[in-house]
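Data first, discussion second: the structure below is written as structure tokens.
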Amino acid sequence: KAGVTQTPRYLIKTRGQQVTLSCSPISGHRSVSWYQQTPGQGLQFLFEYFSETQRNKGNFPGRFSGRQFSNSRSEMNVSTLELGDSALYLCASSLGDSGNEQFFGPGTRLTVL
Amino acid sequence: GENVEQHPSTLSVQEGDSAVIKCTYSDSASNYFPWYKQELGKRPQLIIDIRSNVGEKKDQRIAVTLNKTAKHFSLHITETQPEDSAVYFCAASPPYGGATNKLIFGTGTLLAVQP
């Protein structure tokens, strides 16, 4: 099976712009979670989707949003970008609905100038 | 809120020695504890996990122990090799609000194995 894929791999944006990142989970996986990875804060949970429903949301401002489609593909959107949003954004997919191994994608490296 | 503390932040060992990384979690209801290895420029990959109904799990040179009373879990790597050099993250999955795959990660341990 193909692994988790993310597009684009790299993005450069300026402050105030918005960005959409995409994640395609492993075939058959219905759970997709998003994480932000930075050198200072480590891996922080953004949100989780299961069967098109957001089940959990981390402590991020409302500028961060996401959705999941019927084919389990997921997108996250960040509006009004700030310099501090520069990070590696990782998505992970899981087969079951709870306490399952998560398979990570390669990430999208976002740089905000 | 839920929190996972991880120590040490850096660890340097000689090839062949053992390495131990320790984590403490705050939510006593957490029931799933994975460990991920992330090599430079690569994605995190699961190396071992343990559930709350098990005290210890071993896979070749890697083992994880869980002490639910103390809310501690540890990663043990024996006979370390240079290819074990990476950042290791512990994580806990708090089940609040029902089913979830949400993970709370520790801050990571940079392991350097000196040949």
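The residue among B:13, B:94, B:48 whose Cα reaches farthest toward the positive pole of the charge dipole of chain B, with charges on the beta-carbon of Lys, Arg, Asp and Glu, is B:94. For residue B:107, the amide hydrogen comes within under 5 Å of the amide hydrogens of B:6, counting only partners 5 or more places away or on other chains and with H modelled in the peptide plane. Over all pairs of different C-alpha atoms in chain B, the reciprocal of the mean inverse distance, the Kirkwood hydrodynamic radius, equals 14.2 Å.
Sequentially through segment B:29-41, phi angles give Karplus couplings (6.51, -1.76, 1.60; θ = phi - 60°) of 7, 4, 10, 9, 9, x, 10, 10, 10, 10, 7, 4, x Hz, Gly and Pro residues having no value and appearing as x. In this rough spin-label picture, where each label sits 7 Å from Cα along the Cβ direction, the residue B:26-residue B:45 distance is 3.3 nm.
Shielding by partners for B:34-47, please: the mean number of other protein chain Cβ atoms within 10 Å of each residue's Cβ.
Working: counts 4, 0, 4, 0, 4, 0, 0, 3, 3, 13, 9, 2, 5, 0.
So the per-residue partner count for this stretch is 3.
How do B:72, B:7, A:29 rank by accessible surface area computed with a 1.4 Å probe, from largest to smallest?
Values: B:72 85, B:7 110, A:29 15 Å².
The ordering from most to least exposed comes out as B:7, B:72, A:29.
For segment A:1-67, which trypsin sites (Lys or Arg not before Pro) are in a loop by DSSP, counting at most 13 other Cβ atoms within 10 Å? The qualifying sites are A:1, A:9, A:15, A:63.
Counting Cβ atoms of other protein chains within 10 Å of each residue's Cβ and taking the mean over peptide A:31-37 gives 3.
Given an 8 Å cut-off on Cα distances and at least 6 residues of separation, report the relative contact order of segment B:74-115 as a percent. It would help to have the intermediate numbers written out before the result.
Numbers: 50 pairs, mean separation 20.1, N = 42.
Normalised by residue count, the contact order of segment B:74-115 is 48 percent.
Applying 1/(1 + (r/R0)^6) with R0 = 22 Å to the Cβ-Cβ distance of residue B:58 and residue B:7, what FRET efficiency is obtained, to the nearest 0.05? That pair, residue B:58 with residue B:7, gives E of 0.50.
3J(HN,Hα) along segment A:53-65: 10, 7, 9, 8, 9, x, 8, 10, x, x, 5, 9, 9 Hz, from the Karplus curve 6.51 cos²θ - 1.76 cosθ + 1.60 with θ = phi - 60°, whole Hz, x for Gly and Pro. Cross-linked pairs B:37/B:71; B:37/B:57; A:57/B:22; B:22/B:71; A:1/A:57: Cα-Cα separations exceed 19 Å for B:37/B:71; A:57/B:22; A:1/A:57.
The values are calculated or read from the model by the stated rules, or taken from the named source; none is laboratory data. A quick note: this is a predicted structure, and the numbers were derived from the prediction, not measured. Note that each Cβ is placed from the backbone with ideal geometry, even for glycine, and that neighbours are counted across all protein chains shown. Just the protein is used for accessible areas: all its heavy atoms, side chains included, with ligands, DNA and RNA removed. Shrake-Rupley method; radii C 1.70, N 1.55, O 1.52, S 1.80 Å.
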